[in-house]
Amino acid sequence: MRSFVSVVLALFAVGAAAQQTVNMPIVIELSGAGAVSGTNFRDGAVLAIDEINAKGGILGRKIVAPQSDTQSNPGISRAQVQKAIDSDPYVILGPVFSGSVKVNMVLAQQAEVPQITGAEAAEITQMGNPYIFRTSFGQQMSMPKIANYIRDGLKAKTVAVLWVNNDFGKGGRDTFTKEMAARGIKVVADVPTESGQVDFAADVVKLKGANADAIFVYTNEEESARFLREARKQGVTKPLIGETTLLGQKVIDMAGDAANGARGHVGLSADAPVPAVLAWKQKFLKRFGYVPDHNGIKGYTGVYAVKYATGKIGKFDRKLLAKTLHGLTITPKQEPGILMETTWDAHGDIDRVSFLAEVVDGKQKIVQTLPKLGK
Amino acid sequence: MMKKLAILVAAVALIAAPFGLKPYGIYLLSLWAVMTIAAIGLNLTLGYAGQISLAQGSFVGIGAYIAALLTTQGWPLGLAFAAAIVLCFAIGWLLGYPALRVAHHYLAFVTLSFATLVFLVLRNEEWLTKGVYGISGIPRPTLAGWSTKAPLDFYFFCLLILALVAAAAGWMIRSPWGRAFTALRENPIRASSLGVDTRRYTLMAFAIGSALGGIAGVLYAPLVQFIEPTAFALGLSLNLLLMVIVGGAGRFFGPFLGAAVSVLLPEWLRFSEGLYLMLYAVFVMLLLAFCPSGLLGLGARARKSWKPSSKSAN
Amino acid sequence: MLLWQTSQTINFAQGEFVMLPAFFVLAAMKFGGLSFPLAMLVGLAVALLVLGLLFKRLVVDPIIRHGVLPLVISTIALAILLKEGVKEFYAADAQPFPAAWATTNLEIAGAAISVQSLVIMAVALVTVGLLQYFLAGTATGRRMQATAQNPALARVLGIPVKRMILYTFLINAALVALASFLVSPIYLAKFSNGETLGLVAFIAAIVGGFNQVKGAIVGGVLLGVIDNFVAAYLSAQYRAAIPLFLLIAVILFRPQGLLGRVEERTV
Amino acid sequence: MEALLEVRELRKSFGGIGAVNGVSFAVREGEILGLIGPNGSGKSTLFNCILGQLAPSSGEVRVDGRPITGMRPCDLNRLGISRTFQLLQVFPELSVRENLLLAGQEHQGSMWSRLAGPRDAGLTAAANRMIGFFRLEALADERAGSLSYGQQKLLDVAMAFMAGPRLVLLDEPAGGVNPTMLAGLRERLRAINEAERATFVVIEHNMEFVMSLCTRILVLAEGRIIAEGAPEVIRRNPAVVEAYLGG
């Protein structure tokens, strides 16, 4: 019914395109535990929307993007997504927290509204929902790459895991452990930490005691920074391996010297050695006054993906948009705003090049570029 | 007389409210009804019996997890209600024991510890609660052929439960128990010398308040249709406490207003975008500065100033 | 971080109070272009003004007459306000905070000890010493303690109760500012830091005994040791529960705190 | 004849300092026993030990020959032992009538029947009788907290009688009550004593009040009984005079 209305509206819109707008609500974590990621995502999306609007919008329609804060609370995120759906949106952007996404992706699916999420938990794209799309690697994509690096790059036989005990950290840890088992690498220490934890002394003691060949760190940015400082303080010498949340520029800024030597896999990075990404970073910094993390890229590229796919269809049709995005590859040549060549698979997961990086002298240095999986 | 009329008007308004609202508004109203139930429970413990509890949110959580675990296994929601009431009553009873030994902020922190413990158990005991992943796909109930799947139907279901709970709580407060609870709050030593079994009433106040929290939880799970531990962390308990105090502790209709402030006010303030939570906080602080006995206290004060003949008292 | 109950106030925003001064400093450096030491002084002054004087005048005074509960709620709201304010007007992400001293490690008998920890310990000890001296050794301090223990009696004895309470708030503000400057280089300055800090501080205060400065310190140290011990040797998943159980045990079996004296209860 | 209340060798000390040092006495049914003594002589502590608010360090309390030491106040109350406190203890947020209803309700039925069963069961009638008896009619629906001190004191006493107790321990019922009201109070107490055969133990500093009300008087000093006898005997006892003037 709703999509029928929107089709009618879309057809009608051809005549009155100049006055028409397209509604892309942003439902995101602007307060509570997810505020950092959410704010990045939001600002990334806003940056893209303003650029697109400045150039005349999508198919001649300006984007309007009302923002609503989920307070990092799934119950409230459900209310806000409901509100967004009530306003007859074209696409919903956000949220980032996997828990929140799991609540409201069902609503978006029922209303047949495509949802561009920032969440990375593996199961989201495995529930058969044709309206959910990621803009970054899910954990089931990134963990094998890290696992390979630990086996081939480090030749480690044992590994210790430090993870943050929320859905993000737990999901990553579970996937990682599975990948380790598949490669015959033993997990000798398994250390959960609290979200927002400030004192990592005991955890570092435990990790040191395990004496593993490598330590895999999967916590949010600030905790990573605090951990790095504590690890430096206690003189940990084993390689510290991580994802974007360990190697990001933000972590490096916060951890100072202590970040040097940390290395690992970066699925999506504002520090990627891709000119388009670096230029984007500068643009973002100039506009918002802070250095974005990968969530900024998620929001930004998500909006551009919608723009490109819509342009390809030639009209505003939510169902068709979802269908088009599945299996779609967008290259920066076709759409500069996508920054890097990106492919969506049938589940809404993405495929993209990624990087192995190391922190050297307070800078993230890309050691190796890993190709897309699909190639 | 006036009061009865006001209640009637309010009831009609609540039944009429969702018509003309979009699902979002109906969802919020349903959430309000659920939170009101939990707040009524806390009001019993705190407002009437004077026992501070920072664990009410945990009972909502226990109720919600019972509902989620049972209904996703195909059991009816009615069974979840029964199980939640029994279990929360029992746990609430046990939680009441520290209250016999300590009071005020010490009791606050015993209950706070309990709240943290419940959160940790919900998060860490993955075999039971699915841990941080949460439980999704919680079905909404069908009652004698009436499916509450649609937002409107589910709202009326919540409203029905709220009415039942309110009626039961009202009955109790007007029974000798209500007087005994008040006596417990105002002067437990004197109450005891008048034959009031303070121990049993204290435990009862905790247990019943907790059971109502459990009922709210059983409704919360199918309302949101996804639950995870952080929703029931300390924040919810503090929020419920805020509802009770802001509405007017120890006043029957306090929780109704308090829940409205807590659930609906932030939504109304969203026009201010990033500032809305700050405005909300300022509102709460101002309200408490000018009327520490809550919104209903404000009403009572207004009435008093109209009727200067009644004796002023402290 | 540890002076608490002198004014019979439960402050759920105490953690936010520790979080905030670091941002005063950062803001002074960023917008005022001040050097770090100067910014610290500004931060301290602003903390005294806002977290001491204004907090008392605008939040506590109008409400405290009406009982503790409304005040508790009000401080919860205040915590939201402070958190959101910092997030909205400064930044949502964690900010590195300069340390006033070297961040290098010292090798002592083979163990690495960071200068930071030493400085923190030293400053904490000196502060406690000064505070203890002030409260027990000076006339004003003794008056403050008298006020805390029995305001009515203190008034009868001719102690300017109001001013004493104000002093208490100012000292509290100074202490949180100090705590803020000490922990922020390690913890990083972030708007949501208060949530963790407040709880820890409060538990420390209860464990050690209310209105006992010494007790709060012992409580704090004990808590830190136990927390780390549990995380290292028992269950890291349940580490948050342990201090709380300690708390319950203390409350139920030694309500006066580990170091506190028994207060006679009157019927 | 067996005593209604019997106290044997009761002792209570706080941190090594004895407040009650071996007190024994008996109260016969229908008696009005006065308990006097200087401040700090242990009168209120004695009451608290008898009534379960404090646990005695040693000694025994019997009612009808049955030991009740260590029983909780609420259970004692339901045995028909009631009390008032030295300081005012009414429930300020409840109305006068509700205060009285509360004072009577726990003596009826079980906890469950109080929740589910008939609301009243003669309770309101009893409360109204009590209101009439203590002449509180005009104030029946006022908040107890809004009453004058003397009125609250009357209510306090009325509450103690609500459940038809056999033994009432009154802790300074005359304190702070004006002389007119005091005469009324004495008259009421005497009337109840005669009509219901209710037994009283009264702590009081107002000598005139005690002497005119009580049939027998105990004098306590430093936690011990130093004199016992009819009012006129006590009045002339040199030890009593010494304790009051010298203490």
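The values are calculated or read from the model by the stated rules, or taken from the named source; none is laboratory data. Because the structure is a prediction, the values reported are computed rather than measured. Reconstructed Cβ throughout: ideal geometry from the backbone, glycine too, with neighbour counts over all protein chains shown. What goes into the accessible areas is simple: the full protein's heavy atoms, side chains included, and nothing from ligands, DNA or RNA. Shrake-Rupley method; radii C 1.70, N 1.55, O 1.52, S 1.80 Å.
Here are the numbers for the structure shown:
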| read-out | value |
| --- | --- |
| Within straight-line cross-link reach of B:Lys22, aspartates and glutamates at Cα separation under 18 Å, skipping those fewer than 8 residues along the same chain | A:Asp86, A:Asp88, A:Glu112, B:Asp153, B:Glu267 |
| Formal net charge of residues neighbouring A:Phe284 (Cβ-Cβ distance under 13 Å; K, R +1; D, E -1) | +2 |
| Karplus 3J(HN,Hα) series, Hz, for region D:30-36 with 6.51 cos²θ - 1.76 cosθ + 1.60 (x for Gly, Pro) | x, 7, 10, 9, x, 10, 10 |
| Relative contact order [Cα under 8 Å, 6+ residues apart], region A:140-266, whole percent | 25 |
| Amide hydrogen neighbours beyond the local backbone of D:Glu31, cut-off 5 Å, H modeled | D:Phe200 |
| Cα-based reach from A:Lys286 at 28 Å (exclusive), listing lysines while leaving out same-chain residues under 8 positions away | A:Lys55, A:Lys62, A:Lys250, A:Lys298, A:Lys307, A:Lys333, A:Lys363, A:Lys365, C:Lys30, C:Lys83, C:Lys87, C:Lys190 |
| Diffusion coefficient, µm² s⁻¹, Stokes-Einstein with Kirkwood Rh over alpha-carbon pairs of region D:89-164 at 10 °C and 1.306 mPa s | 128 |
| Over region B:23-313: Rg over Rh, Cα atoms, Kirkwood Rh | 0.98 |
| Chain D - Debye-derived log10 I(q)/I(0), Cα point model, q = 0.13 Å⁻¹ | -0.82 |
| In sequence order, calculated HN-Hα J values of region D:163-170 (Karplus, 6.51, -1.76, 1.60; Hz; x Gly/Pro) | 8, x, x, 8, 9, 10, 9, 10 |
| Gyration tensor (alpha-carbon) shape descriptor, region B:219-296, a/c threshold 1.5 | oblate |
| Alpha-carbon centroids, region A:178-209 and region A:49-73: separation in whole Å | 41 |
| Rounded Å value of the spacing that divides the Cα centres of region B:2-39 and region B:138-162 | 15 |
| C:His66 - accessible surface, heavy atoms, 1.4 Å probe, Å² rounded to 10 | 90 |
| Kyte-Doolittle at least -0.5, axis length at least 24 Å by Cα - qualifying DSSP helices, chain A | A:35-54, A:294-313 |
| Total formal charge among the other residues, if their Cβ is under 15 angstrom from that of B:Pro229, Lys/Arg +1 and Asp/Glu -1 | -1 |
| Anchor A:Lys233: lysines whose Cα lies under 19 Å away (excluding residues fewer than 8 positions away in-chain) | A:Lys206, A:Lys208 |
| More than 18 Å apart - percent of Cα-Cα pairs taken over region A:59-159 | 53 |
| Options A:Thr237, A:Ala225, A:Asn260, ranked by Cα towards positive dipole end of region A:140-266, top entry (Cβ charges) | A:Thr237 |
| Sequence-separation-based contact order of chain A, relative, with Cα cut under 8 Å and 6+ spacing, percent | 17 |
| Percent of Cα-Cα distances greater than 64 Å, calculated over the protein assembly as shown | 17 |
| For region A:140-266, the spread of Cα positions along each principal axis, largest first, Å | 34, 26, 22 |
| Cα shape, region B:102-234, gyration tensor, a/c 1.5 rule | oblate |
| Local electrostatic count, A:Gly314, Cβ distance below 13 Å [Lys/Arg +1, Asp/Glu -1] | +3 |
| Largest-first principal axis extents of the Cα set of region D:177-247 (Å) | 37, 27, 21 |
| Chain D: angle of helix D:179-196 to the longest principal axis, Cα-based, in degrees nearest 10 | 80 |
